[in-house]
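This report concerns only the one structure given below.
The numbers here are math on the coordinates, done by the rules we state, and not lab data. Computed from a predicted structure; not experimentally measured. Cβ atoms come from the backbone with ideal geometry, glycine included; neighbour counts cover every protein chain shown.
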Amino acid sequence: MSIDRFVIGLDYGSDSCRAVVVNASTGEELASAVKYYPRWMEGKYCDPLKNQYRQHPLDYIESLETTIKESLAKCPAGTAENVVGIAFDTTGSTPVLTDKNGTPLALLPEFAENPNAMFVLWKDHTAIQEADEINALARRWETDYTAYEGGIYSSEWVWAKMLHVLRVDESIREKAYAWIEHCDWLPAILTGIVKPEEVYRSRCAAGHKAMWMEKWDGLPSEEFLSTLDPLLAGFRERLFTKTYTSDVKVGTLTKEWAHLLGLPETVAVAVGAFDCHMGAVGAEITPKTLVRVIGTSTCDIKVSSYEEMADKLIPGICGQVDGSVIPGMIGLEAGQSAFGDVYAWFKRVLEWPLESILAKTSLIDEETKVKLIKETADQIIPVLSEEAAKVPVGESTILAIDWMNGRRTPDANQVVKGSITGLNLASSAPLIFRALVEATAFGSKAIIDRFLENGIEIDSVIGIGGIALKSPFVMQTLSDVLNMPIKIAKAEQACAFGASMFAAVAAGVYEKVEDAQKAMGQGFAHEYFPNETNHLVYKELYKQYQILGKFTEEKLRI
């Protein structure tokens, strides 16, 4: 009788870490666990008014240990000793500056409370100026290093962020030796391969966010970087030339980590990648589908054959990289800087009286007050969705633009703002909410249209993430706007599930990712089909969305 082999996939999101333990042969999920980052939940090291979002590396380490131990504790006896592989996905670009030993500076005593020494979360937009300078230099340089990243470098990406931190903090500048992405750091610490020059760097992270490309021998040239700012001089030689796809084994667990996690030292650790890329694999992506990781933002992933891509360069997306999703294919990334965050913003607006008025009332006891506020807040989005769904398409005059957190694609611009128009004295909360949902769907259509306009075929969409699983109103609206069917992946933790597939390949259970997908895939929980009548109305409303978007971007600069 063959012994079952198990793998662990870990998904590091914006707020929490999720781990799943999976049977590598069948794809059966044995157990899972979620840990919210304690410092992040306290709001530490962040300043939303400045668009500053930083995370402490200890949050990552502690959640790693907790989620693995908790998930294994839920498994049958004997599971831990038969775990053969671990893989990670993380948000990105989420980099940190390190010292010569590869230690994130926030783990050094003198920088323990310094936000500039911490991981700069993907949605940190403090580096808008630096991104503008990178774009300006790239356009006049002999080699356009942004060519395979949609032609526009974003403030959400590594070089802009690291340059900004170096510029604003002299104490950091004196100690910084290199930088590392979150998805590269986790495999590095588990295997003990932490020296900046030795770390296995993710093809996904490097290609989509660091302007890495094999044809120009890796990262942008030393001359380009030092011309951008002398503060970057020397970084290139201390970083990397080679990158690795996520089916590659970095190494095995160190003795210390094996003991701490209760796992064998023989566990293979795979090269990391970004959450949306591994999530696409977990959702069983195929060449003609677009996988949308739908949460606070969206990340949209497509894979294309070398023949389909040929010499195409898709403008305004977040990159096209050989092997970034599935080795042997070109991975393409796009996305929206805010999706669920748009709804969360409106929810916070409506919660204001609860937090600022009801919370101070003396008419009811404290316990009842707390329960009432929580119950009301928890019901805001579900009830808004229910009421908004009753409104016939096109009946409302309200139209919105979804750029509350800037625009990721098409054509990155983190300076633009959202807008709402068409309000009158009859405009209700459900009507405004419906307009916001339609706006996020129109933003999605703009992305798909950009692919289609450039000869990249898409005939259906796969949705993963919390909103895809929990909001039929949002998903049906999206299907109607796109005029495409949308399948919802059954796996609740699709990103972590995709990581487990890569873990199985790195551990030698499968030869290639496609084999892992076939054996371990969980299929789909539901499928939405477009309403043709609604689509025809939305087709006209989308034209108005485009006009309003252009006006907002060009005339309403604030």
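Hey, which lysines would be in cross-link range of residue 543, C-alpha to C-alpha under 25 Å, not counting anything within fewer than 8 residues on its own chain?
Cα-Cα hits under 25 Å: 390, 417, 445, 555.
If pairing requires two Cys Cβ atoms under 4.7 Å apart, which cysteines of the chain are left without a partner?
Singleton cysteines: 17, 46, 75, 183, 204, 318, 495.
Straight-line reach only, C-alpha to C-alpha below 15 angstrom: list the aspartates and glutamates that residue 123 could link to, leaving out same-chain residues fewer than 8 apart.
Those aspartates and glutamates meeting the cut-off are 15, 47, 156, 181, 275, 341.
At most 16 other Cβ atoms within 10 Å and a DSSP loop assignment: could you name the chymotrypsin sites (Phe, Trp or Tyr not before Pro) in the stretch 211-304 that fit?
Counting only loop positions with at most 16 other Cβ atoms within 10 Å, none of the chymotrypsin sites (Phe, Trp or Tyr not before Pro) in the stretch 211-304 qualifies.
For the stretch 394-545, count the residues as N, evaluate 2.2 N^0.38 Å, and divide the Cα radius of gyration by that value, please.
1.24
What percent do you get for the relative contact order of the chain when only Cα pairs under 8 Å and 6+ apart count?
16 percent
For the residues 173, 407, what sequence is obtained by ranking on other C-beta atoms within 10 Å, fewest first?
Lowest to highest Cβ neighbour count: 173, 407.
Filter the GluC sites (Glu not before Pro) in the stretch 1-93 to those in DSSP coil with at most 10 other Cβ atoms within 10 Å of their Cβ, and list the result.
Here the sparse-neighbourhood loop sites are 42.
Using a 10 Å cut-off on Cβ atoms, rank the peptides 313-319, 421-427, 387-393, 16-22 from the highest mean neighbour count down.
Peptide ranking by packing, descending: 16-22, 313-319, 387-393, 421-427.
With +1 on each Lys and Arg Cβ and -1 on each Asp and Glu Cβ, and nothing else charged, work out how big the dipole of the chain is about its Cα centre, in Debye to the nearest 20.
Result for the chain is approximately 600 debye, rounded to the nearest 20.
Scan around residue 213 for amide H atoms under 5 Å from its own, H built in the peptide plane at 1.01 Å from N, and keep only partners 5 or more places away or cross-chain.
218, 219
As a footprinting exposure proxy, order 360, 371 by other Cβ within 10 Å, with the fewest listed first.
Least to most surrounded, the residues fall as 360, 371.
What lysines could a cross-link reach from residue 195, if we take a straight Cα to Cα line under 16 Å and drop same-chain neighbours fewer than 8 places away?
100, 175, 242
Given points 7 Å out from each Cα along the Cα-Cβ axis, report the residue 52 to residue 370 separation in nanometres with one decimal.
For the pair residue 52/residue 370, the computed spacing is 3.2 nm.
Full-extension gain between residue 140 and residue 429, please, as 0.36 nm times their residue separation minus the C-alpha to C-alpha distance.
99.2 nm
Under the rule of at least 5 residues apart or a separate chain, name every residue whose amide H is placed under 5 Å from the amide H of residue 335.
Under 5 Å from the amide H of residue 335 lie the amide H atoms of 300, 409, each far enough along the sequence or on another chain.
For the ranges 148-161, 128-141, what's the packing order if you count other beta-carbon atoms within 10 Å of each residue, average per peptide, and put the highest first?
Those peptides, ordered most packed to least, come out 148-161, 128-141.
Could you please rank 172, 364, 294, 193, placing first whichever residue has the fewest other Cβ atoms within 10 Å of its Cβ?
Least crowded to most crowded, the residues run 364, 193, 172, 294.
Mind checking the stretch 220-257 for trypsin sites (Lys or Arg not before Pro) that DSSP puts in a loop (not H, G, I, E or B) and that have at most 15 other Cβ atoms within 10 Å?
The qualifying sites are 242.
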